[in-house]
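Step one of this worksheet: look at the structure below.
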Amino acid sequence: MAGIEPDNVVRSPAHVEKVFRAMRIGVLTSGGDCPGLNAVIRSVVHRAVADRGDEVIGFRDGWKGLLECDYLKLDLDAVGGILARGGTILGSSRVRPEHLRDGVERAKGHVAELGLDVIIPIGGEGTLKAARLLSDSGLPIVGVPKTIDNDIAVTDVTFGFDTAVTVATEALDRLKTTAESHQRVLIVEVMGRHTGWIALHSGMAAGAHAVVVPERPFDIDELTARVGERFEAGKRFAIVVAAEGAKPRPGTMAFDEGGKDIYGHERFAGVARQLSIELEQRLGKEARPVILGHVQRGGTPTAYDRVLATRFGWHAVEAAHRGEFGKMTALRGTDIVMVPLGEAVETLKTVPAERYAEAECVL
Ligand code: F6P
């Protein structure tokens, strides 16, 4: 990469701002991908390169790119046409926490070698924990939160969530017609490892008949009664939305909880599959599991997510120029604010009982 010319000719007050505040910025996307990542990258590059006179590079495949010094230059051409594209042009990966801990000095060395003034990692819970680790070790970091799960406590919403809910809602609408034709119970599994936000919102939006979430272990007797009452009332089908992390109350139903993967994430054994077997036996009605899986994360982001992602990117660059390191962007009401990374990773935003109660009354 060419260096920033220190002897640029000063032509106007705006130019003065560019010359004296120009930065070298490294961006990366890490963890599970999420619609809107490209919109953040594009926004960072536009604000930084076009408005601030900065230089931006993107590390390939998340933290791995920083640890291996694998990067590409991001100029305005590089981000042309990516606003509506799902995934991430930089690639993503998960890194085991111990690898990153061992790699802190290497990361610092690469930041120094490249002359970077700030790293902007875009990621979820795991990425933000890693960002905090690097920030505590002295690296200048400005984080941007992402996750379709919407479970980061310090921001009202994360981009990707609206897209996932929209995709899940459309699927639920479609599933209703086939469920009705065959008088079936469909148990639709949506993403949500620790929290049931996608299940709750898509279930409400599509008018599902029951929603089960990780925050509130379900009672299989109650669930059976709820679905059974529908059929007794003459209805010909039922849709149950299950967040992938939902579990029965201990001791109420045989249930395989799965195990953990190498990153320490739960590897589920399939709540929809297990519920469909149980409900079919108990109700004497055909039941089928439908797993929406990664379709919720793929494809173009909704307009809402594009706007939120763009605003996060813009504010991340501004925070970097103010020297507000060790923080991340967050949405509070309609404002974007900066919150310490430490706060961001303290707790997860779970579905509160009141929100579940609101949904339950209309299901
Ligand atoms: O954290 C986001 C998420 O989409 C979870 O809802 C889901 O459990 C997980 O990622 C799946 O990730 P992977 O890409 O490792 O299958």
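The values are calculated or read from the model by the stated rules, or taken from the named source; none is laboratory data. What you see is a predicted model; the values in this text were computed from it and never measured. We place every Cβ from the backbone using ideal geometry, glycine too, and count neighbours over all the protein chains shown.
One residue stands out in the stretch 73-107 among those that are of a type in the set (D, E, K, R) and farther than 23 Å from Gly313 by Cα: the one that is surrounded by the most Cβ atoms within 10 Å (Cβ to Cβ), namely Arg106. Among the candidates Ala171, Ala164, the residue that is assigned to a helix (DSSP H, G or I), modelled with pLDDT of 95 or more, within 15 Å of the ligand (Cβ to nearest atom) and not hydroxyl-bearing (Ser, Thr, Tyr) is uniquely Ala164. Can you find even one residue in the stretch 243-255 that is under 22 Å from the mean Cα position of the chain (by Cα), in contact (Cβ under 8 Å) with a residue 12 or more places away in the chain, closer than 14 Å to Ile187 by Cβ and part of a strand (DSSP E or B)? Taking every residue of the stretch 243-255 in turn, at least one turns out to be under 22 Å from the mean Cα position of the chain (by Cα), in contact (Cβ under 8 Å) with a residue 12 or more places away in the chain, closer than 14 Å to Ile187 by Cβ and part of a strand (DSSP E or B). Helices (runs of 4 or more DSSP H) fully within the stretch 258-351 that include at least 2 residues being within 16 Å of the ligand (Cβ to nearest atom), of a type in the set (A, V, I, L, M, F, W, C) and more than 15 Å from the chain's Cα centre (by Cα): 271-283.
Quick grid of which residues meet (1) within 19 Å of Trp314 (Cα to Cα); (2) touching an Asp or Glu at 6+ places or on another chain (Cβ under 9 Å); (3) surrounded by fewer than 21 Cβ atoms within 10 Å (Cβ to Cβ):
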site	(1), (2), (3)
Gly36	yes, yes, no
Ala50	yes, no, yes
Lys64	no, yes, yes
Glu125	no, yes, yes
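Checking each residue in the stretch 100-129 for being at pLDDT 95 or above and outside any helix (DSSP H, G or I) picks out Gly115, Leu116, Asp117, Val118, Ile119, Ile120, Pro121, Ile122, Gly123. For the stretch 236-257, filtered to residues that are among the small types (Gly, Ala, Ser) and more than 16 Å from the ligand (Cβ to nearest atom), the residue that is surrounded by the fewest Cβ atoms within 10 Å (Cβ to Cβ) is Gly251. For the stretch 130-161, the tally of residues that are within 14 Å of the ligand (Cβ to nearest atom) and not in a strand (DSSP E or B) stands at 10. In the stretch 177-185, the condition of being in a helix (DSSP H, G or I) and within 22 Å of Ala84 (Cα to Cα) is met by no residue. Taking the conditions (1) outside the structural domain of Leu37 (by TED's automatic domain parsing); (2) within 13 Å of the ligand (Cβ to nearest atom) in turn, Leu186 satisfies each one other than (2). Do we find a residue being without any contact (Cβ under 8 Å) to a residue 24 or more places away in the chain and of a type in the set (A, V, I, L, M, F, W, C) anywhere in the stretch 200-223? So far as the stretch 200-223 goes, no, none of its residues is without any contact (Cβ under 8 Å) to a residue 24 or more places away in the chain and of a type in the set (A, V, I, L, M, F, W, C).
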